[in-house]
Structures are given as structure tokens and as C-alpha cells.
Amino acid sequence: MQALAGLLAVLLVVIVLAIVSGPLRAHLLVRDRRSASLSSDEEALRRLEAEREARYRELRDAELDYRTGKLRSKDYEVIRENLRREALAILDAIEATRARLALAAPAADQGVERRSEPARPSADLEQGDRVAEQQHREQDRPAV
């Protein structure tokens, strides 16, 4: 009889622990899923940044080829516009990925104080690139 009472007491403790720890376990599971998502977004961001740098390098190479006479003016214009269009699409994708990361990070760390990281110089450069590209587009538009 005492063995049965001891067994029931242990069973009761296990049930209470399972009920009390349920929300904590669920929170840990959600956080693990979010961190897996964060790493895929972070990887996508790295890939996009590498693609952006490649487009910038190609733009510089095309400009050098044009200035040294290896490219005709028409060819250079076509190449430049295509590369700029691709670079802008990549910048938009980088911006969207960073926004997803910014939204996911606070949700994953609810209740945890985060230290702010210093601003990255590349973010300022990207903004400058966008401004320069917009100014270039405005110059190329025919007056209406």
C-alpha cells in the first residue's frame, strides 16, 4: 500500500512538472525554429551582399573598358544600364532581408535586452548608391 502511495506521489509530481514546464518548452521550440530561420536569412544576406559587390566590380570594369577604348559608347551604355538594374534589384533584396532579420530578432529575443550594434558603413554606402542612382535616372529622363 505504501509503495502504491509513493508511486502515485511520484506520478503526481511528474504530471505537475509537465504541466508547469509546457509553456517553457513550447517557447524554446519556437525560439529554435526562429533561429534556424534567422540563419537562413543571414546566409541569404551574405550571398546578396557578395552579389552586390560583384555587380559593383563589373560596373567599374565596364567603365574602365569604356575609358580605355575597349567598349563602344552604345555597348557601354547597355552594359551599364543592365548592371545598374541588377544592382538595384539586389539592393532591394538586401533591404527586404535586413527588414526580415530586424523583425525576427526582437520576436526571438522577447524579454532579453539586446545591445545595439554600431551602424555598418555599408548601409551608408548603399543609401549613397541609391541616391546617386536616383539622381542619374533623373538626369537621363527626357524633359516633359
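The values are calculated or read from the model by the stated rules, or taken from the named source; none is laboratory data. The structure presented is a predicted model; accordingly, all values stated were derived computationally and were not measured. Don't worry about glycine lacking a Cβ; one is built from the backbone with ideal geometry, like all the others, and counts go over all protein chains shown.
Limited to segment 43-101, what total is found for residues that are without any contact (Cβ under 8 Å) to a residue 24 or more places away in the chain, crowded, with 16+ Cβ neighbours inside 10 Å and not β-branched (V, I, T)?
Count: 5.
Considering segment 102-123 alone, what residues qualify as being surrounded by 15 or more Cβ atoms within 10 Å (Cβ to Cβ) and either under 28 Å from D61 (Cα atoms) or modelled with pLDDT under 55 (or both)? Full working, then the answer.
Taking segment 102-123 as the starting set, the residues that turn out to be surrounded by 15 or more Cβ atoms within 10 Å (Cβ to Cβ) are 104, 108.
Scanning segment 102-123 gives a single hit, A108.
So which of L64, L59, L71, L45 is assigned to a helix (DSSP H, G or I), over 26 Å from T97 (Cα atoms) and among the aliphatic types (A, V, I, L, M)? Give the derivation first.
Working: L59 fails: over 26 Å from T97 (Cα atoms); L71 fails: assigned to a helix (DSSP H, G or I); L45 fails: over 26 Å from T97 (Cα atoms).
Checking each option against the conditions leaves just L64.
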